[in-house]
Amino acid sequence: MLSEDLKKEIEAEVKKYPTRRSAVMAALTMAQLDKGRVTAEDMREVADLLGINPVDVHEIGTFYTMYNVERPVGKYHIQVCWNISCSLLGAEHLIEHIEKLLGIKLGETTPDKKFTLTTVECLGSCGTAPMMQINDDYYENLTGERVEEILKGLD
Ligand code: FES
């Protein structure tokens, strides 16, 4: 359920767009930032708030990997790109390495809720493959050692 404060913030955001419908991704992002995920109820409320069909909001929310729909993630959401450039340069090995380091498998969250490991399609950083995104930050030209350093540096 969206808080009243969040609804007001979304209303303020809507004013930046030519139509209310155009603000759907911003509204979903704001809902996710508030709770770390987007629920079906959140999507219905966003649809009501914007005056659009709930199915349209659901389609957008479930199409883009940046939305954690009905999927809570840990404090750090590790998304390893496994599209062609990253795969050719070892993404699968990095994933296995991270699984071993964290003791989880793809799609899982560590018991302390610190890390969630998922894959993602191309993030447009093919020239610096292999790469991963952790929350909003890109980490590029990765090696197993570099990944280990990065994860150890996150508190
Ligand atoms: S294939 Fe990984 S960033 Fe493009």
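Rule-based calculations on the coordinates, nothing more; no lab input. None of the values given here were measured: they were computed from a predicted structure. Cβ sites come from the backbone with ideal geometry, for glycine too, and all protein chains shown count toward neighbours.
What does the helix-only formula give at 222 nm for the chain: each DSSP H stretch with n ≥ 4 adding -39500 (n - 2.57), the total divided by the residues, and the result rounded to the nearest 500 deg cm²/dmol?
Rounded to the nearest 500, the figure is -13500 deg cm²/dmol.
Give me the one-decimal nm value for the distance between modelled label points at Arg71 and Leu88, 7 Å along each residue's Cα-to-Cβ direction.
So the two model labels end up 2.7 nm from each other.
Efficiency by 1/(1 + (r/R0)^6): what FRET value for Lys35 and Leu101, r their Cβ-Cβ distance, R0 = 30 Å, to the nearest 0.05?
My answer for the efficiency is 0.65.
Set the Förster distance to 30 Å, then compute FRET efficiency between Lys114 and Asn53 from the Cβ-Cβ distance, nearest 0.05.
0.20
Based on DSSP loop calls and a cut-off of at most 14 other Cβ atoms within 10 Å, the longest stretch of the chain free of exposed trypsin sites (Lys or Arg not before Pro) is what?
Here the longest run is 17-104.
Taking the alpha-carbon centroid of each part, what is the distance from region 29-43 to region 113-148 in angstrom?
First find each Cα centre; the distance between them is then 23 Å.
Write down the Kirkwood hydrodynamic radius of the chain, to one decimal in angstroms, obtained as one divided by the mean of 1/r over all alpha carbon pairs.
Computed over Cα pairs of the chain, the Kirkwood hydrodynamic radius comes out at 16.7 Å.
If each of Arg44 and Lys16 carries a label point 7 Å out from its Cα toward its Cβ, how far apart are those two points in nm?
Inter-label distance under the simple model: 2.9 nm.
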